[in-house]
Amino acid sequence: MNLVEVKDLVVRFRTDEGIVSAVNGVSFDIAVGKTMGLVGESGCGKSVTADAIMSILPDNGWIENGSIIYNSLHEGSFNVAELGKKDKKLELVHGKEMAMIFQEPSTSFCPVYTIGNQIIEAIALHTNIPKDEQREYCIELLHKVRISNPEQRIDEYPYQLSGGMRQRAMIAMALAGSPRLLIADEPTTSLDVTVQAQILNLLLDLQQELGMSMLMINHNIGIIAETTDMVGVMYLGKIVELAPTKELLANPMHPYTRDLFRSILQVTDQKGRKLAFIEGSVPDAYNIPKGCAYHPRCGQAIDGLCDTELPVNCDISDTHRVSCHLYNKRAQ
Ligand SMILES: Nc1ncnc2c1ncn2[C@@H]1O[C@H](COP(=O)(O)OP(=O)(O)O)[C@@H](O)[C@H]1O
Ligand SMILES: [Mg+2]
């Protein structure tokens with residue numbers, strides 16, 4: 001059973017340079033109790049996809065096409081893409097049914113209030129817990145995210161916490177309304193590797209314990225491979241390959257997916273600097289190459305085909321799909 005079904009999602013932004021499609025026909029499901037991952041280099045539309053699901057697109061952005069069906073236990077199914085800015089269902093989307101954590105805790109925490117104050121505000125907003133029990137519940141949440149001394153930490157300000165602790169506090173705040181979907185957008189990117197692993201383990205443990213679904217977003221395919229059940233590989237606003245994680249690891253098909261895997265084995269030059277493995281950089285969303293958007297960087301591009309025709313989705317199996325001319329019948 002699916003908690004979320006995203007279909008043919010197109011998200012556009014109006015900018016000084018014109019209208020840009022940041023997400024361009026994205027489809028995937030998030031199964032109940034499972035973790036779906038979105039991976040791809042910076043700028044490919046991961047965050048915009050998440051923001052569309054949460055219905056928090058900035059004012060210059062809108063959903064041009066497609067649907068985001070959310071199957072709520074209590075409210076039945078509804079299409080997030082059709083909710084108006086003042087729809088009452090948005091209250092559900094923001095905290096009770098879905099919650100989101102970000103790379104930067106400062107997006108969630110205001111520096112001038114204690115973390116306790118801010119988490120209790122979320123508890124008041126998203127639960128029916130009586131006022132005199134909210135502090136106790138906050139301590140329980142801090143305990144759940146394995147913050148030591150929660151009775152003391154609750155009265156500390158964000159700056160008094162280490163980066164990892166702040167991230168834990170942000171997770172506690174996200175859990176306040178017992179959401180069924182937790183969207184984690186690069187939640188550990190600003191942390192060092194050891195803390196990163198602790199936070200990812202915490203998220204996976206919490207997901208198991210609470211039976212939540214997760215949408216895990218990361219630019220690092222290694223992290224995605226370790227934490228998800230299903231993966232969508234994104235490039236310039238499209239999912240170019242979608243597969244169960246195990247299957248993707250065993251049998252990556254899109255040249256971009258293979259290049260991403262190879263990029264984990266980063267190469268170091270003589271001066272010890274790390275070199276990115278995938279040559280070339282991601283074109284911006286205003287200059288999407290013709291044909292397959294990856295063709296200028298692809299080692300297997302076929303002249304006269306990949307640079308002119310848009311590849312269609314090929315179903316490799318019921319659960320594995322790839323959008324690449326190499327697998328189109330016509331190319332063979
Ligand atoms: N508010 C905005 N206005 C205009 N363009 C935007 C806005 N937010 C994001 N974009 C564009 O949408 C594309 C996808 O961005 P994003 O989803 O943030 O990428 P990422 O995969 O790194 O999360 C980028 O080209 C970005 O410049
Ligand atoms: Mg992002």
> Angle, helix 193-210 long axis vs. longest principal axis of the chain, Cα atoms, 0 to 90°, nearest 10?
Replying inline: 70 degrees
>> Rounded to the nearest 20 debye, what is the charge dipole size of the chain about its Cα centre when +1 sits on each Lys and Arg Cβ and -1 on each Asp and Glu Cβ?
In response: 360 debye
> Looking at the chain, what % of its DSSP beta bridges pair antiparallel, to the nearest 5?
Replying inline: 65 percent
> What relative contact order, as a whole-number percentage, does the chain give when Cα pairs under 8 Å and 6 or more residues apart are counted?
Replying inline: 19 percent
> Put +1 on the Cβ of every Lys and Arg and -1 on every Asp and Glu Cβ in the chain; which of Q152, L203, V282 then has its Cα farthest towards the positive end of the dipole?
Replying inline: V282
> Stokes-Einstein D for the chain at 10 °C, 1.306 mPa s, Kirkwood Rh over Cα pairs, in µm²/s?
Replying inline: 76 µm²/s
> Using mean Cβ contacts within 10 Å as the protection proxy, how do 299-312, 40-53 order, highest first?
Replying inline: 40-53, 299-312
> What distance in nm separates the simple spin-label points at C110 and E82, each placed 7 Å from Cα in the Cβ direction?
Replying inline: 3.6 nm
> What does the convex hull of the Cα atoms come to per residue for segment 1-51, in Å³?
Replying inline: 77 Å³
> Among 152-160, 210-218, 166-174, how do they line up from the highest to the lowest mean number of other beta-carbon atoms within 10 Å?
Replying inline: 166-174, 210-218, 152-160
> Applying 1/(1 + (r/R0)^6) with R0 = 25 Å to the Cβ-Cβ distance of A250 and D315, what FRET efficiency is obtained, to the nearest 0.05?
Replying inline: 0.90
> Which values of log₁₀ I(q)/I(0), to two decimal places, follow from the Debye formula for segment 186-258 at q = 0.20 Å⁻¹ with a uniform point scatterer at every Cα?
Replying inline: -0.91
> Rounded, prolate or oblate: which one fits segment 32-84, using the alpha carbon gyration tensor with axes a ≥ b ≥ c (rounded when a/c is under 1.5, else prolate when a/b beats b/c, else oblate)?
Replying inline: oblate
>> Cα atoms only: what Rg and Dmax, in Å, come out for segment 176-219?
In response: 10.7, 29
> Cα centroid distance between segment 42-90 and segment 164-218, in Å?
Replying inline: 21 Å
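Please give the length that would be gained between E140 and Q208 if that part of the chain were fully extended, namely 0.36 nm times their separation in residues minus their C-alpha to C-alpha distance (nm, one decimal).
Roughly 22.7 nm would be gained on extension.
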>> With angles folded into 0 to 90 degrees, how steeply does helix 115-126 sit against the dominant principal axis of the chain? Use alpha carbons for both and round to 10.
In response: 80 degrees
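Read-outs: derived from the displayed coordinates by stated rules, not from any lab. All values reported here derive from a predicted model rather than from experimental measurement. Methodologically, a virtual Cβ is constructed for each residue, glycine included, from the backbone with ideal geometry; neighbour enumeration extends over all protein chains shown.
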